[in-house]
Amino acid sequence: MLRVVVLGAAAGGGVPQWNCGCPVCRASRSEHPELQSSQASIAVSTDGDHWYLVNASPDLRQQLIATPQLHPRAGKLRHSPIAGVILTNGEIDAVAGLLSMREGSPFTIYAHERVLAILKSNSIFNVLSDKNVRRQPIELDEPFEPTLPDGAACGIEITPFAAPGKSAWYLEGSAHPAGNDGDGDTLGLRIRDKATGKYFYFLAACARVTDDLKSRLAGAPLIFFDGTVWRDDELIAAGLGTKTGQGMGHIAMSGDQGAIAALADLAIDRKIFLHINNSNPALLRDSTERKMAERAGWQIAADGTEITL
Ligand code: MLT
Ligand code: MN
Ligand code: ZN
């Protein structure tokens, strides 16, 4: 049985974002606290005793407090059920939470060489000492099986693949520590329970839906997909910023080229938007955009949701 917990559903910044007075952020601070959402991450397990995080968000500490499945087991002085962290990119909202896992419990970081190079080039991550925290490179289109603390295979097969995207925001205009070829900066993951064959896809960042991606996702039981913006230019139109969704490496939900249209008719059983920016009107439960997404068969992820496959 594959268990998935949504630790956080929001894009970088979260809801509310510290410096934002947009309608969603404002409502979330006052009459609609249910709109509050932490930055995107999920936890996955097959046995319920050992869990793997997909990305470690800056909100990790708060997410762990809110998630009993990830608490130290009773009777142990030092313990964590978290056996590993799989990183899909090097953005701050995917890696900063690693710094909240610095108190000496062992786990393994699984990431592409390009993301490992970013961690290596930032000495603050040296707080995760080699003794406790192994860093294991993962390759595009090569399935791997994370290990349990005793070194045995965990029964979850993960296949990373290149998703259309870009390198991290803070690297714009500067040299990438791993050089300029971008394959591996943004990963999608297929996560499969080897015992049951059940699987799902995770793509928190995806700039475009390509034919290759369509053929991967067709017929999937479940996908978590990039829901950053409703419209490509929504940050600009709302006066919140100068970047488009595309400029940030994120496809829009709506429009001819958007995720809703591109992923229609692929016989995907359950489609969930994740990594949702506070500017996205689909966060508001009574908005036209929310209704359009739901009518098209999509759910908007919420923190704390557990799904079993
Ligand atoms: C993104 O996904 O575009 C980034 O998370 C932006 C950010 O770090 O705020
Ligand atoms: Mn992000
Ligand atoms: Zn906002």
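You will find that of HIS112, HIS32, HIS50, the residue that is under 27 Å from PRO177 (Cβ atoms) and more than 15 Å from ligand 2 (Cβ to nearest atom) is HIS112 and no other. Take the conditions more than 16 Å from ligand 1 (Cβ to nearest atom), aliphatic (A, V, I, L, M) and either assigned to a loop (DSSP other than H, G, I, E, B) or touching a Lys or Arg at 6+ places or on another chain (Cβ under 6 Å) (or both) and apply them to ALA178. Does it pass? When the stated conditions are applied, ALA178 passes them.
So which residues in the stretch 1-21 are in contact (Cβ under 8 Å) with a residue 12 or more places away in the chain, more than 16 Å from ligand 2 (Cβ to nearest atom), out of contact with any Cys (no Cβ under 7 Å at 6 or more places or on another chain) and open to solvent by 10 Å² or more (accessible area, probe 1.4 Å), if there are any at all?
The answer is MET1, ARG3.
When ASP130 is tested against (1) open to solvent by less than 30 Å² (accessible area, probe 1.4 Å); (2) modelled with pLDDT under 95; (3) among the acidic types (Asp, Glu), only condition (1) is not met.
Yes/no per residue for (1) closer than 30 Å to LYS214 by Cα; (2) among the small types (Gly, Ala, Ser); (3) in a loop (DSSP other than H, G, I, E, B):
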residue: ASN126; (1), (2), (3): no, no, no
residue: LYS131; (1), (2), (3): no, no, yes
residue: ARG135; (1), (2), (3): no, no, no
residue: GLU142; (1), (2), (3): yes, no, yes
residue: PRO149; (1), (2), (3): no, no, yes
residue: GLU157; (1), (2), (3): yes, no, no
residue: PHE161; (1), (2), (3): yes, no, no
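Quick one: in the stretch 268-282, of everything that is more than 16 Å from ligand 1 (Cβ to nearest atom) and of a type outside the set (Val, Ile, Thr), which residue is nearest to GLY227 (Cα to Cα)? Per the criteria, the residue is ALA282. When the strands (runs of 3 or more DSSP E) confined to the stretch 216-302 are screened for residues that are open to solvent by 10 Å² or more (accessible area, probe 1.4 Å) and over 22 Å from THR159 (Cα atoms), those reaching at least 1 such residues are found at 298-300. On inspection, ASP59 does not qualify as in contact with an Asp or Glu (Cβ under 9 Å, 6 or more places away or on another chain), under 17 Å from ASP185 (Cβ atoms) and within 16 Å of ligand 3 (Cβ to nearest atom). Just one residue in the set VAL54, VAL24, VAL95 is over 25 Å from ASP185 (Cβ atoms), within 16 Å of ligand 1 (Cβ to nearest atom) and crowded, with 23+ Cβ neighbours inside 10 Å; that residue is VAL24. Considering (1) surrounded by fewer than 19 Cβ atoms within 10 Å (Cβ to Cβ); (2) under 18 Å from GLY227 (Cα atoms), the lone condition that GLY155 does not fulfil carries the number (2).
For beta carbons closer than 8 Å, sequence separation of 6+ or different chains, a first residue in the stretch 59-85 that is open to solvent by 70 Å² or more (accessible area, probe 1.4 Å) and a second that is basic (Lys, Arg), the qualifying pairs are PRO72/ARG78. Applying a threshold of 7 Å to beta carbon distances and a minimum spacing of six or more residues, or different chains, the list of pairs starting in the stretch 175-189 at a residue that is within 17 Å of ASN122 (Cβ to Cβ) and ending at one that is among the hydrophobic types (A, V, I, L, M, F, W, C) reads PRO177/ALA117; PRO177/ILE118; ALA178/ALA117.
For the structure I just gave you, tell me whether SER121 is modelled with pLDDT under 95, out of contact with any Gly (no Cβ under 7 Å at 6 or more places or on another chain) and open to solvent by 40 Å² or more (accessible area, probe 1.4 Å).
Judged against the criteria, SER121 is not a match.
Every residue in the stretch 86-110 that is away from ligand 3 (no atom under 16 Å from the Cβ) and in contact with a Gly (Cβ under 8 Å, 6 or more places away or on another chain), please. THR88, ASN89, GLU91, ILE92, PHE107, THR108, ILE109, TYR110, listed by residue number.
The values are calculated or read from the model by the stated rules, or taken from the named source; none is laboratory data. No experiment lies behind these values; they were computed from the predicted model shown. Cβ sites come from the backbone with ideal geometry, for glycine too, and all protein chains shown count toward neighbours. We work out accessible area using only protein heavy atoms, side chains counted, and drop any ligands, DNA or RNA first. Shrake-Rupley method; radii C 1.70, N 1.55, O 1.52, S 1.80 Å.
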